[in-house]
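Have a look at the structure below, then the notes.
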Amino acid sequence: MSLVVVGSVAYDGVVTPHGSVERMLGGACTYISLAASYFTPVRIVGVVGHDFAEEDHQLLTGRGIDTAGLERADGLTFFWQGEYFENMNQRRTLRTDLNVFETFDPKLPAHYQDEDYLLLGNIQPALQRQVRAQMKSPKLTGGDTMNLWIDIAREELLKTIAEWDVLVINDEEAHMLSGEKSLRKSAEKILAMGPKTLIIKRGGDGAAIYRSDHYFVAPAFPLDSLFDPTGAGDCFAGGFFGYLAGIGFNPASDFDKKELNRAVVFGSVMGSYCCERFGVDRFRTLTREEIDARYNQFKEFTHF
Ligand code: AMP
């Protein structure tokens, strides 16, 4: 059961109170696919420039990720730079250079189009729809977005998410999209926009799942040291969708709602590991055994 992932493959510069890195591998598609690769085969769709390093490509293929849909264009790879504030919960963007991303026209290789699972990482909603339209009949489609698109492409975004089974956003985006102050009310309004399942991520405060027939909340894993939260939200989405793809989840069947809860916890586990090192570094050594151990700790911490 392969998961098709589209999104940015980038170089990032990150400044945190623990130090800074001028340039490292990043991008939503990169984080999502690395996290999901522990649960299911992954095929990515994206674009990089001529500066994209072979060792970064090898990190992806080394995790078994299919890069047939990763186009190499003439130009520079997308570059993003952000700075975290003291509490690490908030950040500001210092620089966004779209580079080859500006003219990105995603094309799915033929062998991607029959897959059952599709995760649309944060890119322009029109491009997300374009990718969705190239899939024949995915069982589960979900995606992410950001404040920029809610702000400047609201109508396009509404058309896009109306076709999804699952929307994964953070609390700030949920308030912005719904115009509501309370999360519960925001969730009600967003569910009425189309997606049957809504996940609201709250960084260090955990994540919740909202459906008309189900609610579940999980805390964030209590980390000793939080180095770099970049990509944590994407790793959450990768863990969530990767787990569901790995078990062959079918939202059209009479499924066990507890599988959605387990997916949220695996999402939280992947987000927490991501924060332990700068960029994607934790994924160079992370094992499935470590993931399962943290999942079991989660169970102990939350059982009563
Ligand atoms: P997260 O911390 O989960 O929000 O994801 C951070 C990643 O998103 C970074 O690796 C960036 O390269 C990527 N990113 C930042 N801004 C954008 C954007 N406008 N479009 C696509 N990806 C972006």
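The values are calculated or read from the model by the stated rules, or taken from the named source; none is laboratory data. In this text the structure is predicted, and so the values were computed from the model without any measurement. So basically every Cβ, Gly included, is an ideal-geometry build from the backbone, and we count neighbours across all protein chains shown. With ligands, DNA and RNA removed, areas are computed over all heavy atoms of the protein, side chains included. Shrake-Rupley method; radii C 1.70, N 1.55, O 1.52, S 1.80 Å.
What the table shows:
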{"item": "2 or more residues in contact with a Lys or Arg (Cβ under 9 Å, 6 or more places away or on another chain): qualifying helices (runs of 4 or more DSSP H) within region 124-190", "result": "125-134, 154-161, 171-178"}
{"item": "Selection count where residues are buried (at least 24 other Cβ atoms within 10 Å of the Cβ) and near the ligand (Cβ under 10 Å from one of its atoms), scope region 1-23", "result": "7"}
{"item": "Counted residues, region 162-208 - those being under 20 Å from Ile32 (Cα atoms) and small (Gly, Ala, Ser)", "result": "5"}
{"item": "Residue in region 45-58 that is within 10 Å of the ligand (Cβ to nearest atom) and charged (D, E, K, R) present", "result": "no"}
{"item": "Neighbours by Cβ (under 8 Å, 6+ apart or cross-chain): first from region 57-77, farther than 18 Å from Asp97 by Cβ and at pLDDT 95 or above; second part of a helix (DSSP H, G or I) and open to solvent by 30 Å² or more (accessible area, probe 1.4 Å)", "result": "Leu59/Arg284; Thr67/His57; Thr67/Thr61; Ala68/His111; Leu70/His57"}
{"item": "Among (1) within 14 Å of the ligand (Cβ to nearest atom); (2) open to solvent by 40 Å² or more (accessible area, probe 1.4 Å); (3) closer than 20 Å to Lys201 by Cα, the one test that Asn87 misses", "result": "(1)"}
{"item": "Residue in region 110-125 that is at pLDDT below 95, open to solvent by 60 Å² or more (accessible area, probe 1.4 Å) and not acidic (Asp, Glu) present", "result": "yes"}
{"item": "Residue within region 75-88 that is farther than 17 Å from Arg23 by Cα and within 20 Å of the chain's Cα centre (by Cα) present", "result": "yes"}
{"item": "Residue ranges of helices (runs of 4 or more DSSP H) in region 225-304 with at least 2 members open to solvent by 60 Å² or more (accessible area, probe 1.4 Å)", "result": "257-274, 288-302"}
{"item": "Matching residues, region 59-84, being open to solvent by less than 70 Å² (accessible area, probe 1.4 Å), part of a strand (DSSP E or B) and more than 12 Å from the ligand (Cβ to nearest atom)", "result": "Asp66, Thr67, Ala68, Gly69, Leu70, Glu83"}
{"item": "Of all residues making up region 136-146, the number that are under 20 Å from Asp234 (Cβ atoms) and open to solvent by 10 Å² or more (accessible area, probe 1.4 Å)", "result": "3"}
{"item": "Hits in region 202-220 - residues which are in a strand (DSSP E or B), surrounded by 15 or more Cβ atoms within 10 Å (Cβ to Cβ) and without any contact (Cβ under 8 Å) to a residue 60 or more places away in the chain", "result": "Ala208, Ile209, Tyr210, Arg211, Phe216, Val217"}
{"item": "Test: Gly179 is at pLDDT 95 or above and surrounded by fewer than 18 Cβ atoms within 10 Å (Cβ to Cβ)", "result": "yes"}
{"item": "Residue in region 24-42 that is among the aliphatic types (A, V, I, L, M), open to solvent by less than 20 Å² (accessible area, probe 1.4 Å), part of a strand (DSSP E or B) and more than 10 Å from the ligand (Cβ to nearest atom) present", "result": "yes"}
